[in-house]
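Note sheet for the following structure.
None of the figures in this text is laboratory data; all of them are computed from the coordinates on show. Note that the structure is predicted; figures quoted are calculated from it, not measured. Virtual Cβ from ideal backbone geometry, glycine too; neighbours counted across all protein chains shown.
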Amino acid sequence: MLKMLVLFVAALALWQVGSWKREAALDSLQESSRQELRRYVLHLQGQLEKYEFLPVVLASNKRLVHLLLNPGDRERIEALNLYLETLNKLTGTSDTYLMDAEGLTIAASNWATERPFVGRNFSYRPYFQEAMKGHLGRYFALGTTSNKRGYYFAYPVRWEQKILGAVVIKINMAPIEESWKDAQNELLVTDPDGVVFITTNKGWRYKTLNRLQPEVLERIRESRRYGDETLETLPVARRESRGRNAHVVRIDEGRGYDYLEQEESMPHAGWHVHILARLDQVNSEVLNALVFAALLLLAIFLLAMFWMQRRDRLRENAIFERKAKEMLEIRVREQTRDITEANIRLTREIEQHRRTESELQQTQNELIQSAKLALIGQMSTGISHELNQPLAAIRSYADNALTLYRRDRHKEVEWNLAQISELTERMAQISTQLKMFARKTAGKKSRVSVTEVIEDSLRLLSSRIKATRIIWKPPERPLHVFANMVQMEQVLVNLIGNAIEAVDGSPNPIVSIEVKTGSDGKTVCIAIRDNGEGIPDDLLERIFDPFFTTKEKGKGLGLGLSISMRIVDAMDGRLTAQNHPGGGALFTLALPATAPSEASIKLAAHTYSEAT
Ligand code: ADP
């Protein structure tokens, strides 16, 4: 739709430019050709006026009057013939002759030529008739004798108010036409009937500008003005009027041309002079203007296209940038939201973690508590077992002593009493251990002898050892660790107790305890190995979990190792479990080492010297 509109506007603009240019070029052509026409009209008028006075002057010549008064006078005729011949030569006219009142030529300048006028009657010529009426006769015609185009001036020759005849001069028009041949445009002169008789275009000579009526043609033929010429009509078509006496016409003689035609009349001669300027120049100027305007329009169109494309591109860029910005903002908002959500989640998780931590702490405390209770339960079983045995033994020793005393077997009474004393000593030891357990020493660390703690632990476990062979060789040089003795003992009782249980029922139950300094010298390692079935590989990870147990219901709580691990951690130590390549489980307890005290070194040295 827009394209159609642009095309329409462009076509309209071109049409307007074309018509402006044509109008301007036509105006300029009209002006220049009008001036040219004016020049030629003046030239023609000048040519005619030059001869106009000649017959008037001649008419007053006495020779002419005398001859007309005496028409048969031979001498006079010859004399006048010569006179007229000379005059004709001098004035440059074509012919000069004298006619009597009947129209008969009685003397002529061409008396000596092949076809002289003398003796010929031209009374039918209008110029003669006009002169006989007493006026200056003017006429244009093709000479009937000479067949030359001539302009005639005739004037009456009077004698005492009477018109005796007429003197005529004839001007040859051919030289005038000849002098016009260099004109820029086509020129033509027409008579009152519109017959062209002088023209720069020979083809138009004796043609009519308008179609003549048959009676007019007849009249012309009768006047013999144009001899035997056929007087065809020139195919002129008026296209456009451009003011008075100016038209755009088309003359189509096979190949048609457009002309700007202007005319000017010569009233005295009764002629019309026409100038026809070809429109080729105008057309080429219009074409040039159209080409220029079309190029200009094309340039404007291209510029507009370029500008529109640029504007579209800028708009697209702006949209793209805005979209990119919006997307960026959305992404930033999303990321901010994600981060905020993640932050909230993290805060919640931290909160939950804290809560879990404190719950875990609480659970662990509870676990420790229940482990302690379990341990107390275990211990009380052990204690009651331990105490019941010596009590039963003491009772039987006391009964024996009483019986032996009654029989006065004092020596044996003494032995039995000694046994009782020994047993009470052992019971006192058990109670000491119980006290130690009950004492609130958790958390307080001190320098502890590894050998002592192991032996105390074995003592506590003595009731459970039964058939198990304990391989325990204290280190030659006493080793000390920095730990809480009661807690360390608790851990060892647990580990050794588990080992004893693991070998329970096997044909050759052995539990070995070995102590050595760590490779870095800063730790003391206690390795407890048994020759039981070991720990299945998939359970190795889980045995330190609270409540993990493989023992039958009622026999194990699964708390021992978890409590031990926590205690060891608190003492900056390490507790690990593995299966020994030679079979059975191997638990290693590593604790920070401390240097032995002076006293213990001395004691050790003393023991050593005694032994050696
Ligand atoms: P409980 O002794 O009450 O089962 P623990 O925490 O002391 O609890 O031990 C957890 C588990 O570790 C045991 O049930 C047992 O399966 C395994 N275990 C511990 N010590 C040994 C060992 N010396 N030999 C084989 N398995 C062991």
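Brief remarks follow.
- With eigenvalues of the C-alpha gyration tensor scaled by 5 and rooted, the stretch 140-224, Å: 29, 19, 10
- Sorting the segments 514-520, 16-22, 107-113 by their residues' average number of neighbouring beta-carbon atoms within 10 angstrom, most packed first, yields 107-113, 16-22, 514-520.
- A full extension of the chain between SER19 and GLN213 corresponds to an added length of 66.0 nm, given 0.36 nm per residue minus the alpha carbon distance.
- Taking the C-alpha atoms only, the angle from helix 485-503 to the longest principal axis of the chain is near 90 degrees.
- The listed peptides 28-38, 467-477, ordered by packing as a protection proxy, come out as 28-38, 467-477 (highest mean of other Cβ atoms within 10 Å first).
- Exceeding the 26 Å Cα-Cα cut-off - candidates LYS62/LYS162; LYS466/LYS522; LYS62/LYS89; LYS181/LYS207; LYS89/LYS162: LYS466/LYS522; LYS89/LYS162
- Residue separation of LYS444 and ARG120 scaled by 0.36 nm, minus their Cα-Cα distance, works out to 98.6 nm of gained length.
- Among residues other than GLU321 with Cβ under 13 Å from its Cβ, the summed charge is +2 (Lys and Arg +1, Asp and Glu -1).
- Relative contact order (percent, whole number), the chain, Cα cutoff 8 Å, 6+ residue spacing: 8
- 5 angstrom amide H check on GLY534, placed H, neighbours 5+ away: GLY584, ALA585
- Here the peptides 523-532, 135-144, 39-48 are ranked by packing, the mean other Cβ count within 10 Å, and the order with the highest first is 523-532, 135-144, 39-48.
- Reachable aspartates and glutamates, given that their alpha-carbon falls under 13 Å from the alpha-carbon of LYS148 and they are not under 8 places away in the same chain: ASP95, GLU177, ASP228, GLU229
- Degrees between helix 74-91 axis and first principal axis of the chain (Cα, 0 to 90, nearest 10): 20
- Multiplying the residue separation of GLU49 and MET4 by 0.36 nm and removing their Cα-Cα distance gives an extension gain of 9.7 nm.
- On the beta carbon distance between ALA318 and GLU357, with R0 = 45 Å, the FRET formula returns roughly 0.20.
- Across the stretch 106-112, coupling constants 3J(HN,Hα) worked out from phi with the 6.51/-1.76/1.60 Karplus curve, θ = phi - 60°, read 10, 8, 8, 5, 9, 4, 8 Hz, and Gly and Pro carry x.
- The label point for ASN343 and the one for LYS522, both projected 7 Å from the Cα toward the Cβ, are 4.2 nm apart.
- Using alpha carbons only: equivalent-ellipsoid semi-axes of the stretch 299-350, gyration tensor based, whole Å: 49, 4, 4
- Taking amide H atoms as placed 1.01 Å from N in the peptide plane, the amide H of ILE198 lies under 5 Å from those of VAL189, each 5 or more residues away in sequence or on another chain.
- Aspartates and glutamates whose Cα lies under 17 Å from that of LYS444, excluding same-chain neighbours fewer than 8 positions away: GLU489, ASP569, ASP572
- Quotient of the Cα radius of gyration of the stretch 227-280 and 2.2 N^0.38 Å, N being its number of residues: 1.29.
- Semi-axes of the equivalent ellipsoid of the stretch 202-256 are 25, 14, 9 Å, computed as sqrt(5λ) over the eigenvalues of the C-alpha gyration tensor in descending order.
- Acute angle (nearest 10 degrees) that the helix 2-59 long axis makes with the longest principal axis of the chain, alpha-carbon atoms: 20
- Distance between the pseudo-spin-label points of VAL57 and SER506 (7 Å out from Cα toward the beta carbon): 17.8 nm.
- Coil-residue GluC sites (Glu not before Pro) of the stretch 174-235, DSSP, other Cβ within 10 Å capped at 12: GLU232
- Estimated FRET transfer efficiency when R0 is 30 angstrom, pair PHE306-GLU329 (beta carbons, to 0.05): 0.30
- FRET efficiency, 1/(1 + (r/R0)^6) with R0 25 Å, evaluated for PHE482 and GLU541 via beta carbons: 0.30
- Estimated Rh, the stretch 1-140: Kirkwood, alpha-carbon pairs, angstrom: 19.6
- Taking all Cα pairs closer than 8 Å and separated by 6 or more residues, the relative contact order of the stretch 479-581 comes to 26 percent.
- For the chain, the alpha carbon convex hull comes to 386 Å³ per residue, rounded to a whole number.
- Under the simplified labelling scheme, the GLU533-LEU295 pair shows an inter-label distance of 11.1 nm, with each label point 7 Å from Cα along Cα→Cβ.
- Taking a point 7 Å out from the Cα of ARG469 in the direction of its Cβ, the residues of the stretch 507-521 whose backbone N falls within less than 17 Å of it are 507-514.
- If you wrap the stretch 70-137 in the convex hull of its Cα atoms and look at it from every side, the mean projected area works out to 4.8 nm².
- Charged-residue dipole, Cβ positions (Lys, Arg, Asp, Glu), the chain about Cα centre, Debye nearest 20: 660
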